[in-house]
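Have a look at the structure below before the remarks.
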Amino acid sequence: MAVKIEGSCDPRFKRVKEVFADSFENGIEVGAAVAAVVDGKTVFDLWGGYADKAKTKPWTRDTLVNVFSTTKGLTAMCAHRLVDQGKLDIDAPVSKYWPEFAQAGKEKIPVNFLLTHRAGLAAVKKQLPMDAYSNWPVMCAALAAQEPWWEPGTAQGYHALTFGYLVGEVIRRITGKTPGTYLREEIAGPLKLDIHIGVDASFDPRIAELMTAPPAPADKPDQLATMTVDPESMSYKAIANPRPCVDAELVNSREWRGAEIPAANGHATARALATLYAALATGGELNGYRVLTPASIKRAYTEQANGPDLVLGVTSRWGLGFALNQPAAPIGPNPRTFGHPGAGGSIGFADPDARVGFGYTMNQMGADALIDGRAASLFNAMFAAL
């Protein structure tokens, strides 16, 4: 039986709807949503499929799902907003805001190194207690004590989980608010956006069940398999200390959902991601409320790092907290595109040249290393119609 695609779609973007429907027909999608906002107008907002593995719960207009590292873009926005508010100097040492961070030779590391994966703190070396992901003080104390894995600023390596605690603790020290609270009060709440870092049990009925990615095809590199060969390696510990984070049982648990893990446990709708990034694509304001200044937006997409990633084993290109367009993982045709993908496939991004914000969420995780093929098919169809 064909999956019914619900929502709205401007006729100009009918190819996007066809591509979306094809993913369900081909069996590579279980439940998903995709949306785009161009020049402040929603041009498509589509959803379909099922929110659970058993295919008993339909994916609805308001289905939320864990978006893994797509969360990092939201956390970065919070940091940039603090810059706009005159409360954060991203070139100042982290220890100015978080004195305990100065341990183990880290007293001079600037905040911008945290945002660009250059701080050398991609993982905690010592084995952490099993509940560490949901124990903020334990994670922050471990990172404050951790010696950098490389000389900060000389290389980059994806801070898969630690990014959220590092940037998040700076936010908390400055504001007295957890990153999830700051996001809610300063961005998501005023804009009425369904985006959250840390959700209580009342949200559970509308959160989709994530499903582990199938093994990568033989002709494609299996990034996760490469990273998990050596349990003592930095790459392994970056995604698996205290336990593997890309694990359906973990991310579907109440413990995970209720914690604040600002690198990896954001819950959002595609519509909310597209709307928020659309504000950044058109100068930083939405419905009369300023999210970021044009200066912060320009800083966000200005290249800070470009080269081999010591954790992922791929080339990566970074702005300040955001992934940038690059040949190995293009996000459309324009050079200033910035946003963040998440493990398994979700993505949110802004394209200031096309004045578009895009969001894609799903519950069947994919095995693509950087940009998910399903998301790419959708945004490529969108760009072709612009």
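Bear in mind that the values in this text are calculations on the coordinates, not laboratory data. For clarity, every value in this text was computed on a predicted model and none was experimentally measured. Here the Cβ is made from the backbone with ideal geometry for all residues, glycine too, and neighbour counts use every protein chain on show.
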Quick one: putting +1 on the C-beta of Lys and Arg, -1 on the C-beta of Asp and Glu, what dipole do you get for the chain around its Cα centre, in Debye to the nearest 20? 660
Largest fluctuation, Ala119, Ala278, Ala142 only, Gaussian network model of the chain with Cα springs under 10 angstrom, belongs to Ala142
Excluding residues on the same chain fewer than 8 positions from Lys87, give the lysines whose Cα lies under 23 Å from its Cα. Lys72, Lys96, Lys106, Lys108, Lys177, Lys298
Dipole magnitude of segment 186-323 about its Cα centre, charges +1 at Lys/Arg Cβ and -1 at Asp/Glu Cβ only, in debye to the nearest 20? 540
Selected from Asn325, Asn26, Asn334 as most flexible by GNM, with the chain as the system and alpha-carbon contacts under 10 Å: Asn26
Please label the shape of segment 142-189 as rounded, prolate or oblate, based on the square roots a ≥ b ≥ c of the eigenvalues of the alpha-carbon gyration tensor (a/c under 1.5 means rounded; beyond that, a/b larger than b/c means prolate, else oblate). prolate
For segment 59-192: Kirkwood Rh in Å [reciprocal of mean 1/r, alpha carbons]: 15.4
For the chain, whose charge dipole is built from +1 on Lys and Arg Cβ atoms and -1 on Asp and Glu Cβ atoms, the candidate among Gly198, Leu280, Ala216 with its Cα farthest towards the positive end is Leu280
Roughly how many debye, to the nearest 20, is the charge dipole of segment 119-206 about its Cα centre, given +1 on each Lys and Arg Cβ, -1 on each Asp and Glu Cβ, and no other charges? 60
So, with points 7 Å from each Cα along the Cβ direction, the Glu185-Asp62 label distance in nm works out to 2.5
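Between Ser253 and Asn306, 0.36 nm times their residue separation minus their Cα-Cα distance comes to what? Provide the component values of the computation, followed by the final result.
On the way: separation 53, 0.36 × 53 = 19.08 nm, distance 3.57 nm.
Here the segment from Ser253 to Asn306 would lengthen by 15.5 nm.
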Taking only Cα atoms, what is the 0 to 90° angle, nearest 10, from helix 162-175's long axis to the longest principal axis of the chain? 70
Connecting every pair of Cα atoms under 10 Å apart in the chain and solving the GNM, the largest mean-square fluctuation among Asp219, Asp89, Asp52 falls on Asp219
Could you give the radius of gyration (one decimal) and Dmax (whole number) of the Cα atoms in the chain, in Å? 19.3, 61
